[in-house]
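Notes follow once the structure below has been shown.
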Amino acid sequence: MAEQEKKTSRRDMRLPNGRTVGEEIAGFDAFSDLLDSKFRLGGLKFGVDSLVGLIPVAGDVTTAAAGLYALATALRHRLPVSASVQIVWNIAFDMAVGAIPVAGDVFDFFNRSNRKNFRVVERHLVRRAEAHARSLRAQP
């Protein structure tokens with residue numbers, strides 16, 4: 001319960017543009033959830049990424065292309081280069097391991113690279129919002 005409250009309060013923080021962190025990333029949150037954890041079967045969460053990844057090569061290329069949404073989001077928000085590098089690494093690693101027959105398919109069900117990338121973007125936007133809040137408190 002406390003973790004949910006913390007998540008809610010972080011997303012309610014205002015960015016310099018006047019929007020909240022939650023408003024800025026709502027679409028990305030829904031998209032990454034669809035790709036990685038929208039469905040549940042026997043306690044196992046999985047998403048479209050895991051299902052499409054079952055198609056040899058084309059599935060992994062398709063899901064990697066969909067993962068570029070995270071990079072576009074980072075660039076749109078002008079996040080630090082380190083965030084973009086981490087996102088590209090997550091996409092490339094997911095694609096490379098996912099391309100391994102059978103083992104890659106199993107890996108895709110457990111590795112949630114899109115949710116990882118969502119957390120990268122969220123973390124950087126929260127930091128920006130925190131810095132903005134500090135600057136407002138410092139003004140006379």
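The values are calculated or read from the model by the stated rules, or taken from the named source; none is laboratory data. Just so it is clear, the model here is predicted, and its values are computed rather than measured. FYI the Cβ positions are ideal-geometry reconstructions off the backbone, even for glycines, and counts take in every protein chain you see.
Data overview
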read-out: From 22, 67, 18, 43, residue being farther than 26 Å from residue 127 by Cα, out of contact with any strand residue (DSSP E or B) (no Cβ under 9 Å at 6 or more places or on another chain) and without any contact (Cβ under 8 Å) to a residue 60 or more places away in the chain; value: 43
read-out: Some residue of segment 121-129 being more than 17 Å from residue 27 (Cα to Cα) and in contact (Cβ under 8 Å) with a residue 60 or more places away in the chain; value: yes
read-out: Checking residue 129 against (1) surrounded by fewer than 19 Cβ atoms within 10 Å (Cβ to Cβ); (2) touching a strand residue (DSSP E or B) at 6+ places or on another chain (Cβ under 8 Å), the condition it does not meet; value: (1)
read-out: From the options 108, 94, 33, residue that is buried (at least 16 other Cβ atoms within 10 Å of the Cβ), modelled with pLDDT under 90 and not in a loop (DSSP other than H, G, I, E, B); value: 108
read-out: Subset of segment 63-89 that is in contact with an Asp or Glu (Cβ under 8 Å, 6 or more places away or on another chain) and outside any loop (DSSP other than H, G, I, E, B) - its residue that is surrounded by the most Cβ atoms within 10 Å (Cβ to Cβ); value: 63
read-out: Within segment 44-62, considering residues that are charged (D, E, K, R) and in a helix (DSSP H, G or I), the one nearest to residue 109 (Cα to Cα); value: 49
